[in-house]
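Quick notes on the structure that follows.
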Amino acid sequence: MLSKRSLVGVRMNFHTLAVLFFMLIGTQLYAADPAVDSSDEAVAAGKALFNTNCKTCHKLDQKMIGPALRGASDRQPADLVKSFIKNSQAVIASGNTYYSNLFKEYNNTVMVAHEFLSDEDLDNLLSYIEYGDTADAAAATDGGGAEGGAVSAGGGIPNEYLTVILGVLVVVLLLILVVLGLIISVLSKYLSKQELDEDDKEFVSQKTNLSKVFKSDMFVVIVTALVIALVAKTALDGLYSVGIQQGYAPSQPIAYSHALHAGTLEIECQYCHTGVEIGKSANIPSANICMNCHTHVQNIAGQEGVSPEIQKIYDAVDNDQPIEWVRVHNLPDLAYFNHSQHVAVGQIECQTCHGPIQEMEVVGQHSSLTMGWCIDCHRQTEVTTEGNAYYDKLVQIHSDSKDALKVKDIGGLECAKCHY
């Protein structure tokens, strides 16, 4: 009788095409089949197919869950490679020694047939596999920054003003003390040269008594004012930090590493957070999504048995229990935020708000996510209008302005955009 774990594996979605290439290639240097198109258009189209179906488990030049892909059309004829992609089992059943050996090397993992890929799709996919390094390098150079530039993580404008005010007060007090000291010094020297009676001479020549200074009314007033100012600043800082969890990084029930998955393995955020381009919420991935890979991947290379953390996923699936992830980012109910509007329409990178997520072992709240932080972003971020007819009228109306069209110019500062 099949277990729930087996059923989950059977029902894996078509993203498992990425694992299809397990048997395609080795790691030696290559000379690509001359029939493979090296044009920029073909490579770009192939990259989209690769990112959708292969990137989860493969890199071009390094072994990941599956072997490195580059050079596939050198080790076997391009037509045979494409036939294998469309129906791997048919090629293996035909007696091809190369693919039969690789099939055994990768634990006889059976790939489903992918007849839905057209010949053009397969050609483009091979183009990216062989020539995709240049395109990737250019993308890394051109697209490293987040859309609209970096936005300051801090939203504490009142806190900054209070710090400046206190600093100015301290400087003014010091200047007053210095000026008073100079005046006293000059007057003392002047009076010491004059003919004075004994009482006046004693007064002019007397030394400073620090104990009297500390007990003087002026000193008490100054110290009291400073203490009151510091207490007021601390209280206001506390009030302005209510509801702000910047830096909050709770421990999760499973030690999931974004640095490994999003960084080292370069898995797209959208693969796990499937709602980010189509809905308000990015959504928390279910264990079913984890099992797409972890049905095959049970531990890191070089270790035996099932990893304790991966075992927790298996247990959740077997017991039909959701993984109780701890929420990190939590906007107040009075604020509305739509992920698809920012990611799909605005083309904002995840790192703009969430920081270098691909470097985080434990995810924490990178930005303040305050109202001031959002408004500052809307004031600075330019609208991407190229290729989107929706903005044509707005661009035409805004053409007389010397400044670029920004979010604030299309209603980005209207209260009802986020509060209704």
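The values are calculated or read from the model by the stated rules, or taken from the named source; none is laboratory data. Since we're looking at a predicted model, the values are computed, not measured. For neighbour counting, all protein chains shown are included, and Cβ atoms are generated from backbone atoms with ideal geometry for every residue, glycine included.
Against the numbered list (1) buried (at least 19 other Cβ atoms within 10 Å of the Cβ); (2) touching a Pro at 6+ places or on another chain (Cβ under 7 Å), residue 343 comes up short only at (2).
Please work out which residue is nearest to residue 223 (Cα to Cα), limiting yourself to region 171-201 and to residues that are surrounded by 11 or more Cβ atoms within 10 Å (Cβ to Cβ) and aliphatic (A, V, I, L, M). I'd like the intermediate steps shown before the answer.
Start the filter on region 171-201 by keeping residues that are surrounded by 11 or more Cβ atoms within 10 Å (Cβ to Cβ), which leaves 173, 176-177, 181, 184, 187-188, 191-192, 196, 200-201.
Those left that are additionally aliphatic (A, V, I, L, M): 173, 176-177, 184, 187, 191, 196.
Values: 173: 11, 176: 15, 177: 14, 184: 22, 187: 27, 191: 32, 196: 36 Å.
Restricting to residues being surrounded by 11 or more Cβ atoms within 10 Å (Cβ to Cβ) and aliphatic (A, V, I, L, M), the top hit is 173.
For region 349-371, the condition of being more than 30 Å from residue 248 (Cβ to Cβ) and among the acidic types (Asp, Glu) holds for none of the residues. Go through 204, 186 for me and flag whichever is at pLDDT 80 or above, over 56 Å from the mean Cα position of the chain (by Cα) and over 30 Å from residue 233 (Cα atoms). Just one listed residue meets the conditions, 186. Within region 364-384, the residues that satisfy the criterion of being at pLDDT 85 or above and either touching a strand residue (DSSP E or B) at 6+ places or on another chain (Cβ under 9 Å) or surrounded by fewer than 16 Cβ atoms within 10 Å (Cβ to Cβ) (or both) are 371, 372, 378, 379, 380, 381, 382, 383. Look at region 289-314: where a residue is under 18 Å from residue 55 (Cα atoms) and in the same structural domain as residue 270 (by TED's automatic domain parsing) and a partner is modelled with pLDDT under 90 and loosely packed, with under 14 Cβ neighbours inside 10 Å, sitting 6+ places away or on another chain with Cβ atoms under 9 Å, you get 289/13; 292/13; 295/6; 296/107. Highlighted here are the helices (runs of 4 or more DSSP H) found entirely within region 63-173 that include at least 3 residues which are modelled with pLDDT under 80, within 35 Å of the chain's Cα centre (by Cα) and not assigned by TED's automatic domain parsing to the domain that holds residue 357: 119-142. Considering only region 225-234, I want to know if a residue exists there that is of a type in the set (Ser, Thr, Tyr) and touching a residue at least 40 places away in the same chain (Cβ under 8 Å). No, every residue in region 225-234 fails to be of a type in the set (Ser, Thr, Tyr) and touching a residue at least 40 places away in the same chain (Cβ under 8 Å). Scanning region 269-288 for residues that are more than 22 Å from residue 351 (Cα to Cα) and surrounded by 15 or more Cβ atoms within 10 Å (Cβ to Cβ) yields a single hit, 287. The single condition among (1) without any contact (Cβ under 8 Å) to a residue 40 or more places away in the chain; (2) surrounded by fewer than 12 Cβ atoms within 10 Å (Cβ to Cβ) that residue 334 does not satisfy is (1). Please report, ordered by residue number, the helices (runs of 4 or more DSSP H) entirely within region 234-331 with at least 1 residues that are under 16 Å from the mean Cα position of the chain (by Cα). Result: 269-272. Return the residues of region 350-363 that are surrounded by fewer than 17 Cβ atoms within 10 Å (Cβ to Cβ) and either touching a residue at least 24 places away in the same chain (Cβ under 8 Å) or in a helix (DSSP H, G or I) (or both); say none if nothing qualifies. Scanning region 350-363 gives 359, 361, 362.
Taking the criterion of being exposed (fewer than 10 other Cβ atoms within 10 Å of the Cβ) and either touching a Pro at 6+ places or on another chain (Cβ under 9 Å) or charged (D, E, K, R) (or both), the residues of region 202-238 that qualify are 207, 212, 217. Residue 194 falls short on exactly one of the conditions (1) outside any helix (DSSP H, G or I); (2) in contact with a Leu (Cβ under 9 Å, 6 or more places away or on another chain), and that condition is (2).
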